[in-house]
C-alpha cells in the first residue's frame, strides 16, 4: 500500500472538501527512523489550493530542515518560502 | 543417527544412569580449581564498576547468536578511532544533550538540536540515541547514530539519570516534561561525584496513549494505572510467565555483560589511548568516568 512520508504530496478530505497538501511533519515508528531526520509527535500538513500554491500566507510552526533538500522543486519551494523556523 | 548413538552407549554395562554418565564428557574431578585471575586483572586495569552503564556501545549484543567476535572487535577498533576524533561525553538516559551535525542545506552548514535522551539502543558502531524536545508546541524526536561521521559535536548540558532506562513514555506525558530551552547553558558535573538520579514522576496526558505504560513497569510515571481507561483493565491476567528470569543465571550470562569481556575492552581502550598519546597525535582521553575522581 502506498504510504506518504515527509515531503510527499497527499490528497486529504478536510471540512467536506478534497484538497492537496504537503506533509511537513511525520510521526515515524521508532524502527523506521533515520539518522538526523526528526519525527514529530503529530502528522503536520500544509494545505494547497487548486493551482498547487499554499493556501495560507505563513507557516507558523517549525518544520524539519530535511525538507530544504527539495528547494529546487517548483511547487514545494513556495511552501519553504513561507517557513521561517527549521528544526 | 539416534539409532547409532543408542547402539554405542549400549556397549557400556550397568543401569541407565551409568549409560548417561558414560556418554557425557564433563569430568568434574578434573576441573580447574585455581582461583580466577580476573579480580587481579581488574585491579591492574582500574576497572570501572559501572562499565556497561558508562559505555553501553562497547557491550555485546543481548542476542547470543548475534555475537560475532571478529566483527565486534573490528567495530570496536573503528569506534575507538572515531572517539579520538570526536569527544563523546558520558551521558545517560535522562541527560540533556546538544548535538551539532553537518547539514548542507542550512546557511550555517550546521544543525543543532537540544533535547533529553529518551533511549539508547544497539551495541557497536550502530549505537544510537534519541533526543526529545518540544519546540513551539510540536514534540520532536531525533534519532542520532553515535558514530555517524556527520556529527560534529556532542555536548552534555546536564548529566543526570532518571528512574527508568527508557523514557519513551514522555510522548504521552504533559509537554512541560519534554520542553528544554535550546539556549540553555551547560551545568558542569563535578568530577568524582556520583551521577545524580532525578526521581521525577511525570503526569500523563489523558488516555488513550500510544502504549500501555501502566503495565510496563515505568517508575517515572505518576500513577499510570488510575489514569488508564477501564478498557485495558478488563481482563488483565498474566499470560507470559517470566517471573523466574530474575533468578536465571544462564540468561544473565547470555544477555548481559561479563567481567571478562569488560576487562578485555578496557585493556584495548587503554592500549589504544596509550599508543595514540605516545605517538603525540592527541591528548584526548577515552577511558574515563564522571563518577570516579581522576587520579
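The values are calculated or read from the model by the stated rules, or taken from the named source; none is laboratory data. Everything numeric here is computed off the predicted structure, so don't read it as measured data. Neighbour counts run over all protein chains shown; Cβ positions are idealised from the backbone, glycine included.
Summary of values
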{"read-out": "Lone qualifier among B:169, B:231 - being loosely packed, with under 12 Cβ neighbours inside 10 Å and part of a helix (DSSP H, G or I)", "value": "B:231"}
{"read-out": "Subset of the range B:130-160 [surrounded by 16 or more Cβ atoms within 10 Å (Cβ to Cβ), touching a helix residue (DSSP H, G or I) at 6+ places or on another chain (Cβ under 9 Å) and either touching a residue at least 60 places away in the same chain (Cβ under 8 Å) or more than 20 Å from residue A:61 (Cα to Cα) (or both)]", "value": "B:130, B:143, B:145, B:146, B:147"}
{"read-out": "Answer from B:80, B:125, B:106 - the residue that is within 14 Å of chain A (Cβ to nearest Cβ) and assigned to a helix (DSSP H, G or I)", "value": "B:125"}
{"read-out": "Check on residue A:5, exposed (fewer than 15 other Cβ atoms within 10 Å of the Cβ), touching a helix residue (DSSP H, G or I) at 6+ places or on another chain (Cβ under 8 Å) and not in a helix (DSSP H, G or I)", "value": "no"}
{"read-out": "Residues of the range A:57-77 satisfying the condition of being more than 12 Å from chain B (Cβ to nearest Cβ) and either touching a strand residue (DSSP E or B) at 6+ places or on another chain (Cβ under 6 Å) or part of a loop (DSSP other than H, G, I, E, B) (or both)", "value": "A:57, A:58, A:73, A:74, A:75"}
{"read-out": "Test for residue B:120: is it closer than 28 Å to residue B:217 by Cα, within 10 Å of chain A (Cβ to nearest Cβ), in contact with a helix residue (DSSP H, G or I) (Cβ under 8 Å, 6 or more places away or on another chain) and crowded, with 17+ Cβ neighbours inside 10 Å", "value": "no"}
{"read-out": "Search result, residues across the range A:25-40 that are crowded, with 20+ Cβ neighbours inside 10 Å, in a loop (DSSP other than H, G, I, E, B) and facing chain B (nearest Cβ under 7 Å)", "value": "A:36"}
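Condition check ((1) under 19 Å from the mean Cα position of the chain (by Cα); (2) modelled with pLDDT of 95 or more; (3) in a loop (DSSP other than H, G, I, E, B); (4) at positive phi) across all residues:
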site	(1), (2), (3), (4)
B:192	no, no, yes, yes
B:195	yes, yes, yes, no
B:257	yes, yes, yes, no
B:288	yes, no, yes, no
B:291	yes, no, yes, no
B:295	no, no, yes, no
